[in-house]
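Peer 1: After the structure tokens below, expect a handful of questions from me.
None of the figures in this text is laboratory data; all of them are computed from the coordinates on show. Because the structure is predicted, anything quoted here is derived from the model rather than measured. FYI the Cβ positions are ideal-geometry reconstructions off the backbone, even for glycines, and counts take in every protein chain you see.
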Amino acid sequence: MEITDVRVFPVNINGSLVKAYATVTFDDAFVIREMRVVEGKNGTFLSMPARRKRNGNYQDICFPISTKLRDLIENEVLEKFNELLETA
């Protein structure tokens, strides 16, 4: 599986830990939207799309099963996010 497009949309909401939203395209055939770049206690990380369940907890809608694919996606998105910060 190859990442063919990464789009990052920075947001500036005071007090929010969400720094940007991202869209990733795989093999020019499959898209995942609404991933979030989040500023956490241990640095910036990528959060997968999630929805709130009836009990108030959140559950990821889609997510990579392998660590290798998760790292690939996160590295690509954070690299694009950092490029946008440098040019701003």
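Peer 1: Report the charge-dipole magnitude of the chain in Debye, nearest 20, computed about the Cα centre from +1 at each Lys and Arg Cβ and -1 at each Asp and Glu Cβ. Don't jump to the answer; show the numbers that get you there.
Peer 2: Details: 12 positive and 13 negative charges, 148 e Å.
Charge dipole, the chain, about its Cα centre: 720 debye, nearest 20.
Peer 1: Just add up the charged neighbours of VAL38: K/R +1, D/E -1, any other residue whose Cβ is under 12 Å from the Cβ of VAL38.
Peer 2: Within the 12 Å Cβ shell, the charges total +1.
Peer 1: Here's another thing I want to ask about it. Take every Cα pair under 8 Å in the chain that's 6+ residues apart, average their separations, divide by the length, and report that relative contact order as a whole percent.
Peer 2: The value is 23 percent.
Peer 1: Follow-up question, since we're still on this one. Would you be so kind as to identify which of ILE13, PHE26, LEU72 lies farthest towards the positive end of the dipole of the chain, taking Lys and Arg as +1 and Asp and Glu as -1 on Cβ and the Cα centre as origin?
Peer 2: Positive-most Cα among the choices belongs to ILE13.
Peer 1: Could you check the spin-label model distance between THR44 and ASN57? Points 7 Å from the Cα along Cα→Cβ, value in nm.
Peer 2: 3.0 nm
Peer 1: Students often get this wrong, so try it: which of [x] 55, 41, 22; [y] 36, 31, 22; [z] 45, 26, 22 is Cα extents along the principal axes in Å as calculated from the structure shown?
Peer 2: Derived directly from the coordinates: [y].
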